[in-house]
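Let me begin by presenting the structure, written as structure tokens, before commenting on it.
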Amino acid sequence: MSILRVAAAAIVNPHNQVFISRRQASQHLAGKWEFPGGKIEPGETSEEALARELWEELGIHISSCRPLISVTHTHENRTLCIDFWRVDTFEGVPFGREGQVTAWVGIDELSNYAFPEANLPVLRALHLPDRLLITPEVRLPNTETFLKTLERSIVRHSLSMIQLRAPSLPEADYCALAEDVLALCQQHRVRLLVNADPRVLDQVAAHGCHLNSYRLKTFSQRPFSEDFLLSAACHNGAELTQAGLIDADFVLISPVMLTASHPALKNSLSWNGFSDMAKRANRPAYALGGMGLEDRPSVWASGGQGIAAIRGLWEEGKRD
């Protein structure tokens, strides 16, 4: 089976629009929209290939870019290994130098366009933030203090997605708290994921559900529709495979570093271990375990989406 290495770009402008192009009639998958890029030639790095392709295809020079996600996709007798980059600044005005139709499309509108299957993980990555707060344990009846601190954390760290984790609460109490948290999230345009049995979504109108490693192994298919986000906790290759089986939208890989909040853990993945798992995930991957906002460049360089953190994003952002 042949392997084709490709570099491609999600070019994002200040209006949160992405530049895409449509494959021409003479090309494979004609008529599909795609993120511009092309084959990595022998002796080229992925970033060098990206710069060359964007000049040849669109007439622009990259000013700044960072890794977004790496995707492996097998079609018939060929495997595509695609390094997708996020390009936020560039010189020139992009246009179809090869006669291809192009368009600037809002990130929220990308789902209206038909993309090759290999591009689909990028759509997920573009819809997700680079930071995810996992709430610390909450004790009843002190929920008012919890909610006030949560709101300060949302504002201080510009959060747009949180996971409500409260494993010690009975389901009824958890749902009551989730309703209060959801109201707060709606005020600040934040997406809420419940860390609970997916059936809780029948009671709480959250935006999705996170499966811990125990719940993950109990499902053989996606437990709800694609209208809701699905994330999964992964600590090893078997759990990554399971997350792929149920088509999780993204994964949380841990522990990258040892943390005070989980003292029982004796071993960490380190950046090399995280990088290996992130590249195998084939979907956006967050680094969890001892993470702070300053770790995002390391996460991106390792092929990850961003950081997931408890103490690192809770109010003042103290590390675990």
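The values are calculated or read from the model by the stated rules, or taken from the named source; none is laboratory data. Being a predicted model, the structure only gives us computed values, none of them experimental. Neighbour counts run over all protein chains shown; Cβ positions are idealised from the backbone, glycine included. SASA here: full protein model, heavy atoms, side chains in, ligands and nucleic acids out. Shrake-Rupley method; radii C 1.70, N 1.55, O 1.52, S 1.80 Å.
Take S46 and tell me if it is hydroxyl-bearing (S, T, Y) and surrounded by 14 or more Cβ atoms within 10 Å (Cβ to Cβ). Walk me through how you get there before you give the answer.
Working: hydroxyl-bearing (S, T, Y): yes; surrounded by 14 or more Cβ atoms within 10 Å (Cβ to Cβ): yes.
Yes: the conditions hold for S46.
Could you please tell me which pairs satisfy a Cβ distance under 7 Å, a separation of 6+ or placement on different chains, a first residue in region 81-103 that is of a type in the set (V, I, T), and a second residue that is part of a loop (DSSP other than H, G, I, E, B)?
Qualifying pairs under 7 Å: T102/P94; T102/F95; T102/G96.
Only one of T89, T143, T102 is modelled with pLDDT of 95 or more, among the polar types (S, T, N, Q) and in contact with a helix residue (DSSP H, G or I) (Cβ under 9 Å, 6 or more places away or on another chain); which?
Working: T89 fails: in contact with a helix residue (DSSP H, G or I) (Cβ under 9 Å, 6 or more places away or on another chain); T143 fails: modelled with pLDDT of 95 or more.
Within the list T89, T143, T102, the selection yields T102.
If I filter region 276-309 down to residues being in contact (Cβ under 8 Å) with a residue 24 or more places away in the chain and closer than 16 Å to A238 by Cα, which single residue comes out as most open to solvent (accessible area, probe 1.4 Å)?
By that ranking, first place goes to R280.
May I ask you to verify whether T102 is of a type in the set (S, T, N, Q), in contact with a Leu (Cβ under 8 Å, 6 or more places away or on another chain) and open to solvent by less than 70 Å² (accessible area, probe 1.4 Å)?
Spelling it out, T102 is indeed of a type in the set (S, T, N, Q), in contact with a Leu (Cβ under 8 Å, 6 or more places away or on another chain) and open to solvent by less than 70 Å² (accessible area, probe 1.4 Å).
Quick one: what pairs do we get from region 52-63, first residue over 11 Å from V93 (Cα atoms), second open to solvent by 20 Å² or more (accessible area, probe 1.4 Å) and assigned to a helix (DSSP H, G or I), C-beta under 7 Å, 6+ apart or different chains?
Pairs found: I62/A51.
Would you say L133 is free of Cβ contacts under 8 Å to residues at least 24 places away in the same chain and either part of a helix (DSSP H, G or I) or surrounded by 17 or more Cβ atoms within 10 Å (Cβ to Cβ) (or both)?
Details: free of Cβ contacts under 8 Å to residues at least 24 places away in the same chain: no; either part of a helix (DSSP H, G or I) or surrounded by 17 or more Cβ atoms within 10 Å (Cβ to Cβ) (or both): yes.
So L133 does not fit the description; no.
Given the conditions (1) open to solvent by 50 Å² or more (accessible area, probe 1.4 Å); (2) touching a Ser or Thr at 6+ places or on another chain (Cβ under 8 Å); (3) modelled with pLDDT under 95, report the number of the one that E117 does not fulfil.
In the conditions (1) open to solvent by 50 Å² or more (accessible area, probe 1.4 Å); (2) touching a Ser or Thr at 6+ places or on another chain (Cβ under 8 Å); (3) modelled with pLDDT under 95, E117 misses (2) alone.
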